[in-house]
Structure formats: C-alpha cells, structure tokens
Amino acid sequence: MYRITKRFTIAAAHKLPWGLEHPCSRLHGHNYWIEIELEGELNEQGCVMDYQALRDFKTLLRKYDHEYLNDFLR
C-alpha cells in the first residue's frame, strides 16, 4: 500500500450556543487544516492518484473558506 497526503487551509467563523456570558457564544473565527489522505496500490503511471486531481477537494473546501459556519447547520 502507498499513501499520499495533501493539506488544505481555510479560515471560517462561528459561534457556539453556550449563553451570552461565555466568550465562545460571540462570533469568532479559526483557521482550519483539512488533510486528505489517500491510500492504495500504484496505478499504471506509478501513482496512487494523479496529484493534480486533488485540486477538486480545494474547489469543495472553497465553499467554506471565509464563511460563517453556523449557516451550514440550518
């Protein structure tokens, strides 16, 4: 088995429903690392996957970058 890994970074905001007295109940942001790890046998080109194809994950993550995450919970 072979493995490839790619790390992506996004920044996003959220707030938690912990009551107004708790600091995390206010809007605040974080930087997130999302790591994609693929494992498999080598293909006929000698790769687990064409590394350029991992760009599709970046397109998916762009939906959440610099967004308010609570909107995705509704």
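Values quoted throughout were computed directly from the atomic coordinates according to the rules given, and no laboratory measurement underlies them. Values in this document were obtained by computation on a predicted structure and should not be read as measured data. Heads up, the Cβs are rebuilt from the backbone with ideal geometry, glycines too, and the neighbour counts pull from every protein chain shown.
At a glance:
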{"quantity": "Within-13-Å neighbourhood charge of Val48 [Cβ basis; K, R +1; D, E -1]", "calculated": "-3"}
{"quantity": "Along each principal axis, Cα extent of the stretch 30-71, largest first, Å", "calculated": "43, 14, 14"}
{"quantity": "Extended-chain gain in nm, criterion 0.36 nm per residue less alpha-carbon gap, Ile4 and Cys47", "calculated": "14.6 nm"}
{"quantity": "Assigned charges on the beta-carbon of Lys, Arg, Asp, Glu; the chain dipole about Cα centre (debye)", "calculated": "380"}
{"quantity": "Table column - 3J(HN,Hα) (Hz), the stretch 56-73, Karplus curve with 6.51, -1.76, 1.60, x for Gly and Pro", "calculated": "4, 5, 4, 4, 5, 5, 4, 4, 9, 5, 6, 10, 8, 5, 4, 5, 7, 8"}
{"quantity": "Read-out mean projected area of the Cα convex hull in nm², derived from the coordinates shown; its label in [x] 6.4; [y] 5.8; [z] 5.1", "calculated": "[x]"}
{"quantity": "Farthest positive-ward along the chain dipole, Cα basis, beta-carbon charges - from Tyr64, His22, Gly46", "calculated": "His22"}
{"quantity": "Reach of Lys63 by Cα under 17 Å, taken over aspartates and glutamates that are not fewer than 8 positions away in the same chain", "calculated": "Glu35, Asp71"}
